[in-house]
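Chemist: Sending over a structure as structure tokens; questions will come in a sec.
The values are calculated or read from the model by the stated rules, or taken from the named source; none is laboratory data. The structure presented is a predicted model; accordingly, all values stated were derived computationally and were not measured. Using ideal geometry, Cβ is built from the backbone for each residue, glycine included, and neighbour counts are taken over all protein chains shown.
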Amino acid sequence: MIEGRRITTTVSRCSMIGLTEEVQQLRADEFGKELFTIPAFEMLLDLYARRSVQPRSLTSLTGTSSASERNSQRIVHRLAERGFVDLRRDPTDGRRIIVELREETSEMLDRFFDRLVEIAAVLPIHPRLER
């Protein structure tokens, strides 16, 4: 809804997650995927946004990152060392490693996106930035 020069909208955690994914894609499209990268966040975002599609294999998850597969694998192992994700062998295929978002990380991302919603709700108008 447009009210004068200010746009008001209803923003939810789900819409903010979608917006974040779109911003990530826009950034990659406009500036190049290799120039500005946030591989760890990209993978956490993928796991978080697709929780119902779990389990995710390590190979599948590294494909969502802007980093090389080798670097993405290192990042996933660092995420596991820091307690953000759990890694386990697939019981049906011992070669496959399953990556799962930890409950604490999911709750942290809930808080992160809820805070983004709060920030978006009170964004000021900056006259010098408007065109």
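Chemist: Residues of segment 9-20 being exposed (fewer than 14 other Cβ atoms within 10 Å of the Cβ) and within 22 Å of SER68 (Cα to Cα), which ones?
Modeler: None; the set is empty.
Chemist: Further question on the same structure: How do the helices (runs of 4 or more DSSP H) wholly within segment 30-131 filter down when requiring 1 or more residues that are hydroxyl-bearing (Ser, Thr, Tyr) and free of Cβ contacts under 8 Å to residues at least 24 places away in the same chain: which remain?
Modeler: Those helices (runs of 4 or more DSSP H) span 58-62.
Chemist: Going through segment 73-111 one residue at a time, which ones are polar (S, T, N, Q) and surrounded by fewer than 19 Cβ atoms within 10 Å (Cβ to Cβ)?
Modeler: GLN73, THR92, SER106
Chemist: Mind listing whichever residues of segment 59-72 are under 14 Å from the mean Cα position of the chain (by Cα) and surrounded by 14 or more Cβ atoms within 10 Å (Cβ to Cβ)?
Modeler: Across segment 59-72, the qualifying residues are LEU61, THR62, THR64, SER65, SER66.
Chemist: Quick one: is SER52 at pLDDT below 85 and within 22 Å of ASP114 (Cβ to Cβ)?
Modeler: Yes.
Chemist: Then there's this: Looking only at segment 28-40, count how many residues are of a type outside the set (D, E, K, R) and surrounded by 14 or more Cβ atoms within 10 Å (Cβ to Cβ).
Modeler: So the count comes out to 5.
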